[in-house]
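Here's the structure, in structure tokens; my notes come after.
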Amino acid sequence: MGEPRVLVVGAGLAGALLARRLRDAGAEAVLIGPHGGGPGGRHADATAASGGLVRAFEPDPAARSLATASLAELLDDPALATAAGWRATGSLYLLDAGTAAGVAGAEVLTRDEVARRFGFDRLPDGTVAVWEPGAGYLDPDRLRRSVLRGLDRTETTPVARLGDGAVELRDGRRLTGDLVVVAAGAWTPGLLRAAGLPTTLRTKHIQYAHLRTGRADLPCFVDETSGLYGRPAGPGRVLLGLPSDRWDVDPPAPAPDTGLAARVLAVAARRLPGLDPRPDGPPVSAADCYSDPPGLALRAVAGTVHTFTGGSGGAAKTVLAASRLAATALLNSRSAIRVPHG
């Protein structure tokens, strides 16, 4: 009995990394699906649209463990960091004092220290921040392209339908395997429903804007007290966003939310009065897949079918560790039994 043949549907960063982890472990992994939605732009897949924030701290202990392991792998492998376009800017995570558990190399700051050092204003009483000087951001689409170059079994024809141990392509071909893993982001719920498979996954809108600013010292940050998040985006530019409340959006091309774009500017004006952001092009608008509880993880669906999605735009910080765990779980799965393949 050899290693399983795994059909990985979806060539975003999660799917590509999972296929690479499986291949490196000796399994036969076939990556299926269009390879990329373009390097950003008005409409892009979640990998191309992701802001790529990477840090060790997360309020949820399980997510924190994955984020810590992912950051450690990135920092320990210079070639990986280069392939990912890694930028160390520091990371500031603002939240209520009761949930600010520390991580190695991080400093917990008071509200007044955050105001003095980083210029945040009007923070609620009790706000603290976890400051990680060694954190930063990467380019998920660049990392995806690097991972894809290391794969020898890829299929770019779109998927027509899923089956138990099989994937039908739009050109009529049928691929078979021991396991099927759907890592197609926002397309995942629709593929499962079309196959008559159960799912609680939903699509969710993600959006941010690139803005011009005179401030050059802003690190990556997440402000839970307002929802605002951001990072540097090149000389004189920042990326800023707020969580969207649009659910069950059409994956290929969700229209930008002009109201959300206006709220980003309004919240930024209150929280970072010295930032003075000015729009620099249209918002980046995309869709991703959300699970409850949220997070990128391997989840069994039915029979040989699993999903590997659910990060909803924020999986860059956990994808390295999550893909390693998912590959290990698949290879240890009792359903991974060799069968004849067509």
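Here the contact order of the range 240-342, divided by its residue count and restricted to Cα pairs under 8 Å and six or more residues apart, works out to 20 percent. Over the chain, what relative contact order in percent results from Cα pairs under 8 Å that are six or more residues apart? Relative contact order of the chain: 25 percent. Surface calculation, 1.4 Å probe, protein heavy atoms: ARG117 sits at approximately 100 Å² accessible. Surface composition of the range 119-164: carbon plus sulfur atoms contribute 42% of the solvent-accessible area (1.4 Å probe, protein chains only, all chains present).
Give the calculated FRET efficiency between ARG212 and ASP121 to the nearest 0.05, with a Förster radius of 22 Å applied to their Cβ-Cβ distance.
Values: r = 20 Å, r/R0 = 0.93.
Efficiency at R0 = 22 Å is approximately 0.60.
When the surface is traced with a 1.4 Å probe over the full set of protein chains, TYR137 keeps roughly 30 Å² accessible. A full extension of the chain between THR154 and ASP292 corresponds to an added length of 46.6 nm, given 0.36 nm per residue minus the alpha carbon distance.
How big is the equivalent ellipsoid of the chain along its three axes, where each semi-axis is √(5λ) from the Cα gyration tensor, reported in whole Å from largest to smallest?
On the way: eigenvalues 263, 88, 59 Å².
The equivalent ellipsoid of the chain has semi-axes of 36, 21, 17 Å.
Multiplying the residue separation of ALA300 and ARG193 by 0.36 nm and subtracting their alpha-carbon distance yields 37.0 nm. A 1.4 Å probe, protein heavy atoms only, puts the accessible area of ASP276 near 90 Å².
Hey, what does the equivalent ellipsoid look like for the range 202-342, semi-axes from the Cα gyration tensor as sqrt of 5 times each eigenvalue, largest first, whole Å? Intermediate results must be reported in sequence, preceding the final value.
Values: eigenvalues 279, 54, 31 Å².
After diagonalising the Cα gyration tensor, the semi-axes are 37, 16, 13 Å.
For a modelled paramagnetic label at ALA25, 7 Å from Cα along Cα-to-Cβ, the residues of the range 313-329 in reach, with backbone nitrogen under 18 Å, are 318-329. Taking 7 Å steps out from each Cα toward its Cβ at GLU168 and ASP60 produces label points 3.5 nm apart. Placing +1 on the Cβ of every Lys and Arg and -1 on the Cβ of every Asp and Glu, with nothing else charged, gives the chain a dipole about its Cα centre of roughly 580 debye.
Build a GNM of the chain with springs between Cα atoms under 10 Å apart, and of ALA14, ALA183, ALA115 the one that fluctuates most is ALA115. The simple spin-label model puts a point 7 Å past each Cα toward its Cβ; for ARG263 and ALA97 those points are separated by 2.9 nm.
GNM remark for the chain: springs join alpha carbons under 10 Å apart, and the peak mean-square fluctuation among ALA327, ALA184, ALA79 falls on ALA79. Name the residue farthest towards the positive end of the dipole of the chain from the options VAL9, TYR93, VAL108, assuming +1 on Cβ of Lys and Arg, -1 on Cβ of Asp and Glu, about the Cα centre. Value computed over the given set: VAL9. For the chain, the share of DSSP beta bridges that are antiparallel, to the nearest 5, is 70%.
The values are calculated or read from the model by the stated rules, or taken from the named source; none is laboratory data. Just so it is clear, the model here is predicted, and its values are computed rather than measured. Because the Cβ atoms are built from the backbone with ideal geometry, glycine has one as well, and the counts that use them run over all protein chains shown. Calculation scope for accessible area: heavy atoms of the full protein, side chains included, ligands and nucleic acids excluded. Shrake-Rupley method; radii C 1.70, N 1.55, O 1.52, S 1.80 Å.
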